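Structure, as structure tokens:
Please treat every number below as a calculation from the coordinates, not as lab data. Computed from a predicted structure; not experimentally measured. So basically every Cβ, Gly included, is an ideal-geometry build from the backbone, and we count neighbours across all protein chains shown.
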Amino acid sequence: MATSGAASLFAAVRIGAIQCANRVVMAPLTRMRAAPVTNAPHALNVTYYEQRASAGLIVTEGTQVCAEGQGYFGTPGCFSDAHEAGWRAVTEAVHRKGGKIVAQLWHVGAISHPLVTGGLPLAASAVNPGGFFHVPGGDKVPRVTPQAMTAQEVWETVSKFGHAALVAQRAGFDGVEIHGAHNYLLEGFIRDSSNKRTDEFGGSIANRLRMPLAVVDACAAVFGADRVGIRLSPVSDANGAVLDSTTQETYGTLLRELDARRIAFVHLVEGQTGSARRLDGFDFAGVRALFGGTVIVNNQYTREMALDAVASGHADCVSFGVPFIANPDLVERLAAGAPLNKANGRTFYTPGPVGYTDYPTLPEAAAGAAAAASIKSKL
């Protein structure tokens, strides 16, 4: 529920039915380190998430709901027995540390490539997002024009989200976050710049929201609405996204529909994903009037900005992405006002533990510095 009065970033909060120890959320972070062939989480992923269990809530990296929904090599899935077993090991490790974790369910839509799936991407319409698909090893190839889904394929995909939610529930997740941002499948339906359909899923705002809201309903049917959230990026141009012609009206309508469903949270990317906080085009400050659940905000937040966002009531929680990559103990560092490790962007998507599970906590960094000083004193 939305908070009343001043709150602290480090105070406990209830996000729908999920009781969280603090309001520092680990944002979903694509790391491309799932097991080869199966795309299932494995021991290295368990360690990574366990290290970050002090977050009030962990939102996992995007996990595809079906094989054709995959967009990058090495991303995990959430639809097979192997996926369920792999994620169960992750959730158990996080829960042992007292943490809470939700699975981010995604279908990348037009952003996929035949090199990953073996077929044309499926999307709301045959609109090429432009840009490039990055191949492991550093090469890149142009993205392709996707194939417009038939109405039957749309409803089948809704069912696949529901199945993925069921797999997530069996794996022990505390809930799910639906990826409705960054020009992936659901945002492709939401925006009229990418949705050129003339059937029940296109044209009017109500029609364009039909598929995303059906996905919300399918996930809520599994977990209950109070364990379902959605990530939205109303003004982001990520992955070649073009703004909707009536952004405020479209996303305002969506937020009101989500409020009526009483879902647990909305997770808003404010501005351009991972870059400028240009908020033009949507009234982020007015979200509270449209949605009464928990509001999580994201994008380039510093410690001071996060403290103010929660204390002022602008948001209930703040999510951090890159800082959590380099700082498994980010909550403790923020609480203490301690310096942060710097992330190495060259290892964001490389395989193995380097740049993944080897960033030191504050005590580990202090111990390392003390050991180095001791060695130096003896030279």
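Lys and Arg at +1, Asp and Glu at -1: add these up for the other residues within a Cβ distance under 10 Å of residue 298 and post the number.
Its environment carries a net charge of 0.
Identify which of 54, 194, 312 has the largest mean-square fluctuation in a Gaussian network model of the chain, with springs joining Cα atoms closer than 10 Å.
Comparing 54, 194, 312 in the GNM, the peak value goes to 312.
Using a simple spin-label model with points 7 Å from Cα along the Cα→Cβ vector, what separation in nm is obtained for residue 342 and residue 159?
So the two model labels end up 5.2 nm from each other.
Out of all DSSP beta bridges in the chain, what portion is antiparallel? Express it as a percent rounded to 5.
Antiparallel bridges: around 15 percent, rounded to the nearest 5.
Show the residues, 5+ positions off or on another chain, whose built amide H is closer than 5 Å to the amide H of residue 177.
Residues meeting the criterion, in which the H sits 1.01 Å from N, are 103, 104, 105, 229.
Tell me which GluC sites (Glu not before Pro) from the stretch 264-350 have a DSSP coil assignment and no more than 14 other beta carbons within 10 Å of their own.
Loop-located and lightly packed - none at all.
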